[in-house]
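Presented below is the structure to which this report refers.
Just so you know, all these numbers are worked out from the coordinates, no wet-lab data involved. Small disclaimer: the values here were computed from a predicted structure and weren't measured. FYI the Cβ positions are ideal-geometry reconstructions off the backbone, even for glycines, and counts take in every protein chain you see.
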Amino acid sequence: MKRFFKIFKVAFRSINKNRTRSLLTMLGIIIGVGAVIMTISAGEGATLQVQNQISGLGTNLLMIQTKTEHKAGINVRMGRPIDKKDLDILQKNAVWMPKISPLVAIGAQAIGPNGYKSTTVYGVSFDYFFITSRAIELGEFFTEDDVKTAKKYCVIGATIREELFPGQDPIGRQIRIDKVPFTVVGLLTKEGSGGMGQDMDDIIVAPYTTIQNRLYGHQRGYNLIMASALSEDHIADAEIEAIELLRESHKINPDDEDDFDITTQIELQEITGNITGILTILLGAVASISLIVGGIGIMNIMLVSVTERTREIGTRLAIGARESDILSQFLIEAVVLSLVGGTIGVVFGFIGNQIIYKATGFFIPTAGYSILIGFGFSALVGVAFGYFPARKAAKLNPIDALRYE
């Protein structure tokens with residue numbers, strides 16, 4: 001133990017002797033560890049935000065849409081469109097789905113008294129607001145009677161209000177959507193950015209009957225049908241019920257596959273979790289390249305150090321130092337450089353996360369395992385890239401080393 005302590009002391013003395021060079025050597029490790037922590041934490045933050053957005057819809061959501069396949073770069077419909085017949089059979093017969101709403105989405109230009117805005121208009125029923133848990137800040141939702149009579153009413157998001165009615169009360173005012181006048185009856189509570197960066201407040205919601213009759217060219221199909229299961233415990237029952245009712249509506253033979261897809265809240269969370277998880281791994285892998293570059297820098301400096309200290313090594317070997325002592329000394333130097341750089345890199349990564357949060361408002365939790373990965377990888381880099389220079393130093397011939405000029 002005493003001999004090992006002396007080796008540590010010599011290694012630290014050598015690092016302290018060349019402080020500037022040691023700091024520059026550690027710079028690659030510092031940046032690498034910081035980048036790994038920040039990228040992994042950013043991936044965790046994105047995953048958390050996506051999951052929160054999905055959870056905001058409740059844990060009992062089902063989305064029903066026509067089955068499609070990706071062919072020649074485009075999505076090709078594989079079955080009959082989801083339409084009013086499907087909606088009617090679900091509304092009349094579903095037991096496990098008390099809230100059901102069709103959704104018709106169309107890109108349009110909204111024009112107000114103070115400007116215009118390209119946005120997405122959603123045609124829905126009254127149940128949509130309960131299914132998605134969207135709250136109202138001003139005014140009120142349009143009613144089911146408004147949907148039945150295809151009233152030209154709409155509810156807008158905060159972004160639309162800021163663009164078309166800055167600093168004004170929009171309730172009762174009119175906007176034109178592709179030349180069709182709509183009366184604003186409600187303002188949705190502000191939600192901010194979604195999990196994928198989309199603006200959740202850049203939205204106009206109107207009765208789906210009005211959208212189909214006035215803007216959608218009397219299109220009978222829907223983009224999808226949204227439904228809310230009776231409870232989270234009955235989401236599987238609701239899915240089975242929807243499959244049975246839709247197979248009956250589409251007159252699908254028992255041996256044939258469904259021509260529609262049903263995605264539940266749980267499946268949606270799993271899919272988005274897998275996507276963001278893969279992105280996090282890829283980003284972390286890219287960031288870890290800088291750690292490898294930092295390791296190469298350590299190896300390069302250690303090789304230079306071996307060359308500079310050849311006579312010192314020869315002297316130590318001549319007075320009784322063993323090869324293992326020399327190997328341990330240089331390996332410890334490399335590992336210390338790497339670990340100190342890793343420690344500073346952890347602090348750098350944590351501070352970087354806070355700076356991003358303050359600048360953008362995007363919450364990035366510093367994942368504990370990202371610190372372990374960054375710090376552990378830095379130690380591994382120190383050992384891996386420090387071993388070759390250390391072994392070269394240990395294998396020097398004492399006589400040749402003493403003669404070295």
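Quick notes
- Length gained when the stretch Ile292-Gln109 is fully extended (0.36 nm per residue, less Cα-Cα span): 60.9 nm
- Ordering Gly192, Ile235, Ala158 by Cα displacement along the dipole of the stretch 60-264 toward the positive end leaves Ala158 in first place; charges were set at the Cβ atoms of Lys, Arg (+1) and Asp, Glu (-1).
- Once C-alpha pairs closer than 8 Å and six or more residues apart are averaged by separation and normalised to the residue number of the stretch 60-264, the relative contact order reads 35 percent.
- Applying 1/(1 + (r/R0)^6) with r as the Cβ-Cβ distance of Asp258 and Val95 and R0 = 22 angstrom yields a FRET efficiency of 0.65.
- Charge sum, other residues only, whose C-beta stays under 13 Å from Glu267's C-beta, Lys/Arg counted +1 and Asp/Glu -1: -3
- Loop sites in the stretch 115-195: trypsin sites (Lys or Arg not before Pro), DSSP, at most 11 other Cβ within 10 Å: Lys179
- Inter-label distance, Gln354 to Asp169: 4.4 nm, where each label sits 7 Å from its Cα along the C-beta direction.
- For Arg173, the residues whose modelled amide H falls within less than 5 Å of its own, excluding neighbours fewer than 5 places apart on the same chain, are Val184.
- Long pairs among Lys117/Lys152; Lys99/Lys151; Lys99/Lys148; Lys92/Lys179, criterion Cα-Cα beyond 28 Å: Lys92/Lys179
- Footprinting exposure proxy ranking of Val340, Val184, Val304, fewest other C-beta atoms within 10 angstrom first, gives Val304, Val340, Val184.
- Förster radius 56 Å - calculated FRET efficiency between Ile281 and Val180, Cβ distance, rounded to 0.05: 0.75
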